[in-house]
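Presented below is the structure to which this report refers.
Each value in this text was obtained by applying a stated rule to the coordinates, not by laboratory testing. Here the structure is a predicted model, which is why all the values come from computation and not from measurement. Please note: Cβ atoms are built from the backbone with ideal geometry, for glycine as well, and neighbour counts cover all protein chains shown.
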Amino acid sequence: MQGRQPNPVFSDEYQLLREILVEARQAAGVSQRRLGARIGKTASHVCMIETGQRRIDTLEFYKVARSVGVEPVALFERLSARLDGLAKAGEV
């Protein structure tokens, strides 16, 4: 019997995703409350995503990007570049 796998929401990769999302929101000058309203969620929901207490799915990622005025593909490219850097550093 194998042990439980660590929760991926606490991985280095997810940390990079959270950083990208927070940076995009802050650069747009959007509060967690306003972002929550824009995506049909509460400020608490946004906070839980940003602090790693909750995972974000693909559709939420899309809505968040659009709601802060960033093309979802561009935001994903930022994430991809940071993940590539993490992989090159041997941390993935």
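Let me check I've understood the local charge: for residue 49, count other residues with C-beta under 15 angstrom from its C-beta, Lys and Arg +1, Asp and Glu -1. What total comes out?
Residues close to residue 49 contribute a combined charge of +3.
With viscosity set to 0.890 mPa s at 25 °C, what whole-number translational diffusion coefficient in µm²/s follows for the chain from Stokes-Einstein and a Kirkwood radius over Cα pairs?
178 µm²/s
Expressed as a fraction of 2.2 N^0.38 Å, the rule-of-thumb size for a compact globular protein of N residues, what is the C-alpha radius of gyration of the stretch 20-62?
1.02
Quick check: the angle from helix 12-27's long axis to the longest principal axis of the chain, C-alpha only, nearest 10 degrees?
For 12-27 against the chain, the angle is about 20 degrees.
Can you give me the angle between helix 58-67 and the longest principal axis of the chain, using Cα atoms only, in degrees from 0 to 90, rounded to the nearest 10?
For helix 58-67, the angle is close to 40 degrees.
Once the Cβ-Cβ distance between residue 84 and residue 55 is put in as r, and R0 is 25 Å, what FRET efficiency do you end up with, to the nearest 0.05?
The formula returns an efficiency of 0.70 here.
Relative contact order for the chain using alpha-carbon pairs under 8 Å, separation at least 6, rounded to a whole percent?
Numbers: 74 pairs, mean separation 28.8, N = 92.
Relative contact order for the chain comes out at 31 percent.
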